[in-house]
Amino acid sequence: MKRRLTPSEEFEIMKIVLDKFLWLGVVIMIFGLYNIFIGAALSSGITLIIVGAILLILFLLIIIKEYEIIR
């Protein structure tokens, strides 16, 4: 017998998962900023920052889409 989650429990789990994915994107962006500060190629640092931002948006859209389908 499966246990059903309440909407508030589902939302709490979604927040925890979203937080982990957001940290991943932020770490990639910080690494790009670090590359710029240490004097590595400016283009590689900016590329990492853009990739981190795209990753944040992508994970956000995926999680919101899945949350809406489950509801």
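Quick notes on this one:
- For the chain, the solvent-accessible area with a 1.4 angstrom probe is 81 square angstrom per residue.
- Estimated distance in nm for a label pair at ILE30 and ARG4, the labels positioned 7 Å out from Cα along Cα-to-Cβ: 4.1
- For the chain, the fraction of C-alpha pairs farther apart than 16 angstrom is 56 percent.
The values are calculated or read from the model by the stated rules, or taken from the named source; none is laboratory data. The structure displayed is predicted, hence computed values, not measured ones. Cβ atoms come from the backbone with ideal geometry, glycine included; neighbour counts cover every protein chain shown. Note: accessible area is taken over every heavy atom of the protein model, side chains too, but ligands, DNA and RNA are not part of it. Shrake-Rupley method; radii C 1.70, N 1.55, O 1.52, S 1.80 Å.
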